[in-house]
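The values are calculated or read from the model by the stated rules, or taken from the named source; none is laboratory data. Everything quoted here is computed from the prediction, not taken from an experiment. Cβ placement follows ideal geometry from the backbone for every residue including glycine, while neighbour counts extend to all protein chains displayed. Surface accessibility is based on the protein's heavy atoms, side chains included, excluding ligands, DNA and RNA. Shrake-Rupley method; radii C 1.70, N 1.55, O 1.52, S 1.80 Å.
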Amino acid sequence: MDHITHYCSPLGRMTLVSNGKELTGLWFERQKYSSIAQDSIAHDKDDLPVFQETIRWLNTYFRGEIPDFTPPIRMYGTVFRQMVWEILLTIPYGQTTTYGEIARRVAHEKKVPVMSAQAVGGAVGHNDIALIIPCHRVVGQNGSLTGYAAGLDKKAYLLKMEKDSLERLVKE
């Protein structure tokens with residue numbers, strides 16, 4: 001049975017879900033594609049160590065600092081989606097990549113000549129652990145802000161926050 005708690009971020013309320021040991025979901029309220037199955041959720045359990053660690057990560061992140069740890073996570077999805085999410089985990093704080101670049105990396109790893117950027121976009125959009133698996137760092141080929149299940153306004157905010165905090169660190 002999964003457990004649930006909530007976090008109030010500068011961008012609105014977020015839902016955290018855990019299997020008891022690992023974080024399995026982190027969504028903004030009203031985010032598209034959240035795969036939370038309400039009937040399998042136990043009552044709020046905000047004292048779970050994984051929730052406390054995730055909240056510490058979120059507090060660090062929203063202060064504009066780079067978290068130097070990752071709470072334990074468990075990604076549920078197809079092999080393809082998990083491959084894409086693993087690539088997302090390699091995108092450095094304050095940087096972006098494109099759907100096309102991820103598609104090229106997946107094609108290379110799968111040893112196939114080409115991979116669809118649209119298929120990558122579908123996997124990125126169905127990421128169940130927002131922010132920690134940084135799907136907001138994926139942009140369109142020309143750098144445009146495309147596709148973010150929580151809304152493009154949130155994506156723009158997050159990217160600007162990361163850029164600003166990196167600029168502040170360079171000045172210090």
## Note on the structure
If we ask which residues in the stretch 108-118 are small (G, A, S) and either modelled with pLDDT of 95 or more or open to solvent by 40 Å² or more (accessible area, probe 1.4 Å) (or both), their number turns out to be 1
### Message
Taking the condition of being open to solvent by less than 20 Å² (accessible area, probe 1.4 Å) and either out of contact with any helix residue (DSSP H, G or I) (no Cβ under 6 Å at 6 or more places or on another chain) or assigned to a strand (DSSP E or B) (or both), how many residues in the stretch 61-87 meet it?
### Response
2
### Query
Which one of these is within 16 Å of G94 (Cα to Cα) and open to solvent by less than 10 Å² (accessible area, probe 1.4 Å): I133, I129?
I133
### Task
Enumerate the pairs (first residue in the stretch 63-90 and without any contact (Cβ under 8 Å) to a residue 24 or more places away in the chain and within 13 Å of L131 (Cα to Cα); second residue anywhere and open to solvent by less than 80 Å² (accessible area, probe 1.4 Å) and of a type in the set (S, T, N, Q)) with beta-carbon separation below 6 Å, excluding pairs fewer than 6 apart on the same chain, so at least 6 apart or on different chains.
P67/T60
## Note on the structure
Those residues of the stretch 80-137 which are more than 21 Å from L23 (Cα to Cα) and of a type in the set (S, T, N, Q) amount to Q95, T96, T97, T98, S116, Q118
### Task
Mind listing whichever residues of the stretch 107-145 are in contact (Cβ under 8 Å) with a residue 24 or more places away in the chain and in a loop (DSSP other than H, G, I, E, B)?
H126, N127, D128, A130, L131, I132, I133, P134, G140, Q141, G143
